[in-house]
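Below: the structure, in structure tokens.
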Amino acid sequence: MSTDPKPYDCELSFEDTAIAFAGKDNKELKKAIQLFGLMNNPSLVAIGSRLAQWALKMHLPVQGIIKATIFTQFCGGTSIQECIPAIKKLQEFGVHTILDYGVEAKQEENELELAAQKLVKTVRYAEKDPDTNIISSKVTGLIRFDLLAKVSAGKSLSGPEQQEYIRGRKRVKFLCKNAYETGVQVYFDAEESWIQDAIDRIVTEMMQYYNKEKCIVFNTVQMYRHDRLVFLQKSIQKAKEGKYLYGVKVVRGAYMEKERKRAAEMGYDSPIQADKAATDRDYNAGIELCLKNLDMVSFCNATHNEESCLMLCNLLDQMEASNTHPNIMSAQLYGMSDHISFNMAKAGFNVAKYMPYGPVEEVIPYLIRRAQENTSVEGQMGRELSFLKEERRRRRGI
Ligand SMILES: Cc1cc2nc3c(=O)[nH]c(=O)nc-3n(C[C@H](O)[C@H](O)[C@H](O)COP(=O)(O)OP(=O)(O)OC[C@H]3O[C@@H](n4cnc5c(N)ncnc54)[C@H](O)[C@@H]3O)c2cc1C
């Protein structure tokens, strides 16, 4: 499975904007161009993000404007019911949906309980709809962040904290048990490095328990961390020895600035790779590793990077494996990189969109990450706007 000197010569192409934006009418296209245009202005995003957080804290009536703009672009709705038209639209073009109840970093026990109930409700919905038979969750929606940080740092928990941790783990197990009973897969997101050890341990335990016959539980590896390729190798080996199936979502990682800042402030070595090339190299090596172990690994190629998708396509060609192999999924975030999702679906790959949903104030941290990610005019994100504009030109016959 070595990569040849001209590696990406598979059939897949992302240039066809008619396919990419077939799901958008002219009005939706115009709205997306305006929004991505605004997000390409870093100072506007920085001010807007702070202003939105402040306004929500002050209970100012800003939900309406957020919902009509950035929320509609990146979220399916405030409830599962509201997501249905978006799910059906994707379905028309062969794109699946990964429902993601957008709750994170909750503090209060009743909020964490409520999140568990909502997630199980999402599993129950996903069970009925074959196009949404994967859901995603953040462990910080079920267990308090600071507790995960303490466990990850190897600090001992007080008596009440131990009880709290047991309750949190029960919530994770409750979700996985429901997923197991319904055959719905659960992707657990990767979060900040200083809570990730605890997350890895809990998710691995769930895999040991529920991934015997079918891959139900998936962990996530962030390849912007320089230790994750080795972690992935070890995790696969551990699953082989423990005789369970290994599920993994491979991503580059969303918290780079925060990770580097914390490491610099606290004086430890940054867990982040030295440069983008190193992240790309490990991302692609991670995908290759999963492919080599396809008999017991199910994986999600979760990226907006065209080259990584072309590499996957090329490796599948070389292996003479099917694009629709049940252990392989590719996914992009809802509202982003439609040119990848729709063209891959058209070429017969298993493709899904990560679709967050929930009350506007709950998904604000997610929306801010999306806006910040899209401020870069360079690379893939800038491509988004140029593809949208290209499609507008094509429709106008220019
Ligand atoms: C379906 C899906 C699920 C996701 N789930 C998670 C998740 O669970 N946890 C999570 O953290 N993120 C998650 N993400 C976000 C993801 O980690 C990336 O932030 C985002 O997808 C951009 O990376 P890329 O591979 O799409 O593309 P690219 O644009 O090629 O890569 C950008 C990424 O490269 C890395 N990078 C950029 N500059 C440098 C540098 N100088 N040095 C080192 N690395 C650099 C960063 O990770 C940056 O986000 C998810 C993304 C998708 C599509």
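For this structure, a couple of remarks:
- Cross-link reach list, lysines versus K24, counting only Cα pairs under 24 Å and skipping chain neighbours closer than eight places: K67, K88, K89, K346, K353, K389
- Label point at I33 placed 7 Å out along Cα→Cβ; residues across region 327-352 whose backbone nitrogen lies under 14 Å: none
- For the chain, DSSP calls about 5 percent of its internal beta bridges antiparallel.
- Most mobile of A274, A179, A285 in a GNM of the chain (Cα contacts under 10 Å): A274
- The order of S79, S158, S235, going from fewest to most other C-beta atoms within 10 Å of their C-beta, is S158, S79, S235.
- Projected area averaged over orientations for region 216-338, convex hull of C-alpha atoms, nm²: 8.6 nm²
- Per-residue Cβ neighbour counts within 10 Å put L44, L333 in the sequence L44, L333, beginning with the fewest.
- Proxy reagent accessibility, fewest Cβ within 10 Å first, across S13, S308: S13, S308
- Each listed q (0.14, 0.17, 0.19 Å⁻¹) maps to a log10 I(q)/I(0) for region 158-218 from the Debye sum over equal C-alpha point scatterers, namely -0.42, -0.60, -0.72.
- Percent of Cα-Cα distances greater than 27 Å, calculated over the chain: 50 percent
- Dipole moment magnitude, nearest 20 debye, the chain about Cα centre, only Lys, Arg, Asp, Glu C-beta charged: 760 debye
- Around the Cα centre of region 190-341, unit charges on the Cβ atoms of Lys, Arg, Asp and Glu (plus for the first two, minus for the last two) sum to a dipole of about 400 debye.
- For the pair A274 and E82, the difference between a 0.36 nm per residue extended length and the Cα-Cα distance amounts to 64.9 nm.
- What you get for region 1-106, charging only the Cβ of Lys and Arg (+1) and of Asp and Glu (-1), is a dipole of about 720 debye around the Cα centre.
- The convex hull drawn around the Cα atoms of region 100-209, when projected onto a plane and averaged over every direction, covers 6.4 nm².
- Neighbourhood net charge (11 Å Cβ-Cβ; Lys/Arg +1, Asp/Glu -1) for R167: +1
- Cα gyration tensor of region 1-128 - equivalent ellipsoid semi-axes, whole Å, descending: 31, 24, 18
- Span from the region 169-199 Cα centroid across to the region 18-53 one, whole angstrom: 32 Å
- Taking a point 7 Å from the Cα of E265 along the Cα-to-Cβ direction, none of the residues of region 107-145 has its backbone N closer than 12 Å to it.
- Straight-distance crosslink candidates among lysines, where the alpha carbon sits under 27 Å from K155 and sequence neighbours closer than 8 are dropped: K106, K138, K170, K173, K234, K238, K258, K261
- Isolated Cys in the chain, by beta carbon distance under 4.7 Å: C75, C83, C176, C215, C290, C300, C309
- Compactness of region 25-82 is given as radius of gyration and Dmax, 12.8, 36 Å, from Cα positions.
- Gain upon complete extension [I166, R369; 0.36 nm per residue less C-alpha separation]: 70.0 nm
A short reminder: the numbers here are calculations on the coordinates, not readings from a lab. Keep in mind the model is a prediction, meaning the values are calculated, not measured. Note that each Cβ is placed from the backbone with ideal geometry, even for glycine, and that neighbours are counted across all protein chains shown.
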